[in-house]
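The structure appears right after this line, and notes come after that.
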Amino acid sequence: METIDFNLLEAFKQWSILHVPKLIVILLGMWATIKVAKFIGKRIRARVEDDDPTRQSEREKRAETLVTISNTIVKIVVVAFGMLMIVKELGIDIGPLLAGAGIMGLAIGFGSQALVKDVVTGFFILMENQFRVGDVIKAANHSGLVEKITLRTTILRDLDGTVHVIPNG
């Protein structure tokens, strides 16, 4: 019994020496990449900032929206790739995992065509600068002040103070 425990402990020690540093590097790389994206976002915000701290200019509103969306996308991509690298480092074959994720993604894509339509439309709204945070618009039979724009939705507040969440599609 004692030799089994010793062999198991020795195997864990050898595994730790080989794999723990790699796992630490992966986690530090994920953390650093997200921090760099946030730093770049802060620099962009600072660059478009004007001299009036009481009011956001159109450039500031657009930069804020794009930086927020970009940071979210970076976080999702970094975490997804980082988790795949960690799973692979733990000795799990990621080939079947990726194949299963591809099939699941295809099924979800067919099932969520409205969501995909909202995201694509939201992307074009942001890139073409069709409207911005602070604009007054009419969409989906609701009029109001645009409070927030994401890739999927636009949030309006009407004159009564009611908040309307409108899909971009």
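Worth a mention:
- If the condition is being surrounded by 14 or more Cβ atoms within 10 Å (Cβ to Cβ) and in contact (Cβ under 8 Å) with a residue 24 or more places away in the chain, then region 82-114 contributes G82, M85, I86, E89.
- Filter result (hydrophobic (A, V, I, L, M, F, W, C) and modelled with pLDDT of 85 or more) within region 78-97: V78, V79, A80, F81, M83, L84, M85, I86, V87, L90, I92, I94
- Residue check, R55 part of a helix (DSSP H, G or I), modelled with pLDDT under 95 and open to solvent by 100 Å² or more (accessible area, probe 1.4 Å): no
- Per-region count, region 11-67, residues of a type in the set (A, V, I, L, M) and in contact with a Lys or Arg (Cβ under 7 Å, 6 or more places away or on another chain): 4
- For first residues located in region 119-137 and touching a residue at least 24 places away in the same chain (Cβ under 8 Å) and charged (D, E, K, R), partners that are assigned to a helix (DSSP H, G or I) and open to solvent by 50 Å² or more (accessible area, probe 1.4 Å) and lie 6+ apart or on another chain with Cβ distances below 9 Å form the pairs R132/E58; R132/R62.
- For I76, the requirement of being farther than 21 Å from R132 by Cα and either touching a helix residue (DSSP H, G or I) at 6+ places or on another chain (Cβ under 7 Å) or among the charged types (D, E, K, R) (or both) is not met.
- Sole exception among (1) open to solvent by 50 Å² or more (accessible area, probe 1.4 Å); (2) of a type outside the set (G, A, S); (3) in contact (Cβ under 8 Å) with a residue 12 or more places away in the chain for T65, by number: (1)
- Out of T72, T33, sole residue that is in contact (Cβ under 8 Å) with a residue 12 or more places away in the chain, hydroxyl-bearing (S, T, Y) and surrounded by 11 or more Cβ atoms within 10 Å (Cβ to Cβ): T33
- Residue within region 11-33 that is within 27 Å of the chain's Cα centre (by Cα), basic (K, R) and over 21 Å from I92 (Cα atoms) present: no
One line per residue, one yes/no per condition, for (1) surrounded by fewer than 17 Cβ atoms within 10 Å (Cβ to Cβ); (2) in contact with a Phe, Trp or Tyr (Cβ under 7 Å, 6 or more places away or on another chain); (3) modelled with pLDDT of 85 or more; (4) of a type in the set (S, T, Y):
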| residue | (1), (2), (3), (4) |
| --- | --- |
| T121 | no, no, yes, yes |
| M127 | yes, no, no, no |
| R132 | no, no, no, no |
| G144 | no, no, yes, no |
| I155 | yes, no, yes, no |
| G161 | yes, no, yes, no |
| H164 | no, no, yes, no |
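The values are calculated or read from the model by the stated rules, or taken from the named source; none is laboratory data. Everything quoted here is computed from the prediction, not taken from an experiment. Virtual Cβ from ideal backbone geometry, glycine too; neighbours counted across all protein chains shown. Side chains included, ligands, DNA and RNA excluded: accessible areas come from the protein's heavy atoms. Shrake-Rupley method; radii C 1.70, N 1.55, O 1.52, S 1.80 Å.
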